[in-house]
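A short write-up of the structure that comes next.
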Amino acid sequence: MTSSMMIGVVAALFAAFAWSLNFIVPFVIGDYSVFDFALFRFVISGVLGLGFLAFSRKALRGLRFHDLLTTAWLGSSGISVIF
């Protein structure tokens, strides 16, 4: 198995695990609202994304300003649709 394939498999497993937590965590955390849980998930995703970008500076340098604006717009529109 190649390195990039291994990264893809690990990413898919992590995504499946994170998705399954949507159904388990509300029973565990109890008094917290759905908004609190969603906010926590987005903060953790943002921190992980920034950490990934910190280790992938070469890939980040290849992005144009238009790419960054598109990413910000898609993220904002996704957040506003959920809330």
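Values as computed for the structure displayed
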item: Any pair with Cβ under 9 angstrom, 6 or more apart, that starts in the stretch 1-27 at a residue that is more than 13 Å from Ile44 (Cβ to Cβ) and ends at one that is at pLDDT 80 or above; result: Met1/Val9
item: Helices (runs of 4 or more DSSP H) contained in the stretch 5-83 and holding at least 3 residues out of contact with any strand residue (DSSP E or B) (no Cβ under 6 Å at 6 or more places or on another chain), surrounded by 10 or more Cβ atoms within 10 Å (Cβ to Cβ) and not charged (D, E, K, R); result: 34-55, 65-82
item: Phe42, sole failed condition from (1) free of Cβ contacts under 8 Å to residues at least 12 places away in the same chain; (2) out of contact with any Pro (no Cβ under 8 Å at 6 or more places or on another chain); result: (1)
item: Those residues of the stretch 1-32 which are closer than 22 Å to Gly75 by Cβ and of a type in the set (S, T, N, Q), in sequence order; result: Asn22
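The values are calculated or read from the model by the stated rules, or taken from the named source; none is laboratory data. Just so it is clear, the model here is predicted, and its values are computed rather than measured. Backbone-built Cβ (ideal geometry, glycine too); neighbour counts: all protein chains shown.
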